[in-house]
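Taking it in order: structure first as C-alpha cells, then the write-up.
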Amino acid sequence: MKAFNAARDGRDAAVALVQQAAASGRELRGFEVDRACRDVIDRAGFGPQFIHRTGHSLGTEVHGNGVHMDDYETHDERRLIPGTGFTIEPGVYSTAFGVRTEINMFVGAREARVTGPLQTAFVLL
C-alpha cells in the first residue's frame, strides 16, 4: 500500500505541475514533469525502485515522437506545447511485487487535463 501511495502521490504532483504551468502560460519541459514525480517517490523512500521514466508522448501507435516525461533515461528538454498528449505512469517495483498507476493527459492552449479516471487506491486482486 505504501508503494502505491508513493506512485499515486508522485503522479498527482506531476499532474499538478502540468496544470499549473498550462494555466499560467509557463513553458514546461519533459524532464521537469519527471522530476516533480520522482522527487515525491524519492522522499517516500522508493526512489531506487522507480526504474523508468515517468511518461512518454502519445501518438497514433501509442508511443509518440514528441516530448517524454524523462529525467531518468534521458534529460528531455523538449517543451509540452498545446496539442500535446502524453502519459504519466510512475511505478515502484521490487522482487516481490510491482505497482504502477497510469494516466493520459492533454495540454491545450491554457489548460491541461487528465483524459480518464484516476486510480486513487490500491486493490489487491
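The values are calculated or read from the model by the stated rules, or taken from the named source; none is laboratory data. Everything numeric in this text was worked out from a predicted model, so none of it was measured. Neighbour counts run over all protein chains shown; Cβ positions are idealised from the backbone, glycine included. Accessible surface is based on the protein model in full, side chains and every heavy atom, while ligands, DNA and RNA are left aside. Shrake-Rupley method; radii C 1.70, N 1.55, O 1.52, S 1.80 Å.
As a length-normalised measure over Cα pairs under 8 Å and 6 or more apart, the relative contact order of region 67-125 settles at 25 percent.
Here the sum of -39500 (n - 2.57) over DSSP H runs of 4 or more residues, divided by the residues of the chain, equals -10000 deg cm²/dmol at 222 nm, to the nearest 500.
Taking the solvent-accessible surface of protein heavy atoms with a 1.4 Å probe, what is the per residue accessible area of region 1-121 in Å²? All intermediate terms of the calculation are to be shown ahead of the outcome.
Working: 6150 Å² over 121 residues.
With all protein chains present, region 1-121 gives 51 Å² per residue.
Near THR84, the amide H atoms lying under 5 Å from its own belong to VAL107; only residues 5 or more places off or on other chains count, and H is placed 1.01 Å from N. With a simple spin-label model that places each label point 7 Å from the Cα along the Cα-to-Cβ direction, the separation between ARG79 and ARG26 comes to 1.5 nm.
Within the accessible area of the chain, the carbon and sulfur atoms contribute 54%, probe 1.4 Å, all protein chains present.
Would you mind calculating the relative contact order of the chain from Cα pairs under 8 angstrom and at least 6 residues apart, reporting the percent as a whole number? Intermediate results must be reported in sequence, preceding the final value.
Values: 269 pairs, mean separation 35.5, N = 125.
In percent, rounded to a whole number, it is 28.
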